[in-house]
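Here the structure is laid out as structure tokens; the discussion comes afterwards.
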Amino acid sequence: MRTLIQVEFDTATANRLITDGTMPKALEGVMATLKPEAAYFAPTAGRRCAYLFADLPAESSLVPYLEPLWELNAEVTITPCMNADDLAQGLRTLNGS
């Protein structure tokens, strides 16, 4: 299941976790586990934010993959998404092709 995982970090918590070295280690672990197709980092509404596009094996994998992010006091939003090939395939099914 291709998924957009948006992660917004609480600023005060993130500042502390960056200073004590927890944030870099945690993000390295999340990236190694998720193996995202793409990962982008940008400020969103004044907070640090990560946009991770990952192909998850099953919905149940959200729990072990995302728990480290929740432990960082992050707000996590999950959105199913498609690439262009997925969209084309879905559109073909609308026409019965």
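Stokes-Einstein D for the chain at 20 °C, 1.002 mPa s, Kirkwood Rh over Cα pairs, in µm²/s?
Translational diffusion coefficient: 147 µm²/s.
Of L91, A32, V63, which is farthest towards the positive pole of the chain's charge dipole, taken about the Cα centre with +1 and -1 on the beta-carbons of Lys, Arg and Asp, Glu respectively?
Final value for the positive-end residue is L91.
In degrees between 0 and 90, to the nearest 10, how far off the longest principal axis of the chain does helix 22-34 point, with axes built from Cα atoms?
Helix 22-34 sits at roughly 20 degrees to that axis.
What FRET efficiency would be calculated for the residue pair Q6, R92, taking the C-beta separation as r and a Förster radius of 25 Å, to the nearest 0.05?
Values: r = 29 Å, r/R0 = 1.16.
That gives a FRET efficiency of 0.30.
Name the longest site-free stretch of the chain, where the excluded sites are GluC sites (Glu not before Pro) in a DSSP loop with no more than 13 other beta-carbon atoms within 10 Å. Spell out each step's value before the answer.
Working: sites that count: E37, E71.
In short, 1-36.
At 222 nm, what helix-only mean residue ellipticity would the chain give, in deg cm²/dmol to the nearest 500, using -39500 (n - 2.57) for each DSSP H run of four or more? It would help to have the intermediate numbers written out before the result.
Details: 4 runs with 42 residues, N = 97.
Roughly -13000 deg cm²/dmol at 222 nm, from the helical runs in the chain.
What FRET efficiency would be calculated for the residue pair N15, V76, taking the C-beta separation as r and a Förster radius of 25 Å, to the nearest 0.05?
Numbers: r = 19 Å, r/R0 = 0.76.
After rounding to 0.05, the efficiency reads 0.85.
No lab work stands behind these numbers, since they all come straight from the coordinates. Since the model is a prediction, treat every value here as computed from it, not as a measurement. Cβ atoms come from the backbone with ideal geometry, glycine included; neighbour counts cover every protein chain shown.
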